[in-house]
1. Net charge near Glu24, counting Lys/Arg +1 and Asp/Glu -1 over other residues with Cβ under 15 Å of its Cβ?
2. Using label points projected 7 Å from each Cα along Cα→Cβ, tell me how many nm separate Ser154 and Ala43, to one decimal.
3. Cα atoms only: what Rg and Dmax, in Å, come out for the range 3-236?
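Since every read-out is calculated from the coordinates, none of them should be taken as a lab result. Here the structure is a predicted model, which means the values were calculated and not measured. For neighbour counting, all protein chains shown are included, and Cβ atoms are generated from backbone atoms with ideal geometry for every residue, glycine included.
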Amino acid sequence: MTETMIIGGGSGMGFALARVLVAEGEDVTIVGRSADRLATARAELEQAGNGRVQTKRADISREEDVAELFAGDQQVDHVAVTAADATGVYGPTARVSTETARFILDTKLLGAWLVGKHAAGKVTGSLTFTSGINAYRPNGSNTIMAAANGALASLASGLAIEMAPVRVNAISPGWVDTPIWNQLGMDKQAAFAELAQRLPARRIGTPDDIAQAFLAVMRNQFITATVLHIDGGHRLT
Ligand SMILES: NC(=O)c1ccc[n+]([C@@H]2O[C@H](COP(=O)([O-])OP(=O)(O)OC[C@H]3O[C@@H](n4cnc5c(N)ncnc54)[C@H](OP(=O)(O)O)[C@@H]3O)[C@@H](O)[C@H]2O)c1
């Protein structure tokens, strides 16, 4: 029986990972900012299997929140970080506010660093971050998010040395159908149908595709300091 904390587990990829684990009878703690989102996710997870589901409210960009997540003597087998909020980040750099850029870095990069800082000594198995395809295949938009995603590879490598034998990795998803796309205000299904044709896999990713990749790096004892790409071949396009 393992215990996994998923920061960002209230929706999207993190939720898919939680659902797979709970279905296998594993315990999970899902973390996010919205109590309502966490409660809804918990109710759904409790229907998915026998694993114990806990929720904790925390904003990964706030050090006091992250410190509180890992306060006390309790240890956790695995920590997965999927938290991100892409509000205001889409578009060319000249049109993105500096405030938004700081917000992205605070959440996606510094938040991950805070988890490394405070989870040290508390996580026993693995720590996995979520990078993203735009770090490896820039698209002329959300460049600050791409920079944060790229930096997560270096963060994972550095922490893999510092936290060894705890394994530290990053997952790099391509286009995946999750609520994060809702912020673009477009016809998601029509856009996905068009985007899918550009990929060698000829489809958009599902949250479960990414959940399975998380499980691979969490459980394979020889994977550390690695970025695992699950992008349907997007980097070749
Ligand atoms: N979907 C894609 O196509 C795609 C592609 C490449 C990379 N990614 C990356 O994949 C990861 C997962 O994204 P997703 O698509 O699953 O998005 P999602 O469904 O929007 O999930 C993100 C989760 O993070 C939580 N969150 C946001 N800001 C937070 C904060 N400051 N502190 C704690 N929790 C926070 C959100 O809950 P609250 O709002 O309640 O806090 C939400 O549950 C992200 O890192 C994203 O950048 C996604």
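1. -3
2. 4.5 nm
3. Cα only, the range 3-236: 16.8, 50 Å (Rg, Dmax).
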